[in-house]
Amino acid sequence: MPSSKQMEKHGRLVARMADRLSTDLDEAELRGDLRPGERNAMVLSCTNCTSPEACEAWLEAHDSAGDTPTYCRNGEKLKSLKS
C-alpha cells in the first residue's frame, strides 16, 4: 500500500492532469459519472506509474491539452469524464 505522502503526490498529479484536459472531477462526481471511490482508485492506479517524473515534466510543459501522455494510466478515464 502506498504511503500517504505518495497518495498526496499522485492525487495532485491526477488533479493536474484533469485540469490540463479541462475535466472537472468534482462536476463528474455531481453528475454521477464518477462513482464514490473511483477518484481514489484513479490515484491508486497513478501510484503504480513508472513515469511520474515524466508526467510532472509533461504537466509543466502543457497549460492545456486534448490528450494525455500515452503512459497515463488514467488518460482514457479522464477523457471520458470531460463534460
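Annotations
- Among the criteria (1) loosely packed, with under 12 Cβ neighbours inside 10 Å; (2) in contact with a Gly (Cβ under 6 Å, 6 or more places away or on another chain); (3) not basic (K, R), the one T68 does not fulfil is (1).
- Top-ranked residue of segment 56-77 - restricted to ones that are in contact with a Lys or Arg (Cβ under 9 Å, 6 or more places away or on another chain) and assigned to a helix (DSSP H, G or I), ranked as farthest from L13 (Cα to Cα): W58
- Test result for D19, modelled with pLDDT of 95 or more, outside any helix (DSSP H, G or I) and among the acidic types (D, E): no
- If you filter segment 61-83 down to residues that are hydrophobic (A, V, I, L, M, F, W, C) and in contact with a Leu (Cβ under 9 Å, 6 or more places away or on another chain), you find that the one that is nearest to E29 (Cα to Cα) is L81.
- Residue in segment 32-51 that is surrounded by fewer than 16 Cβ atoms within 10 Å (Cβ to Cβ), touching a residue at least 40 places away in the same chain (Cβ under 8 Å) and not in a loop (DSSP other than H, G, I, E, B) present: no
The values are calculated or read from the model by the stated rules, or taken from the named source; none is laboratory data. Remember, it's a predicted structure, so these values are computed and weren't measured experimentally. Ideal geometry is used to build each Cβ from the backbone, glycine not excepted, and the neighbour counts take in all protein chains shown.
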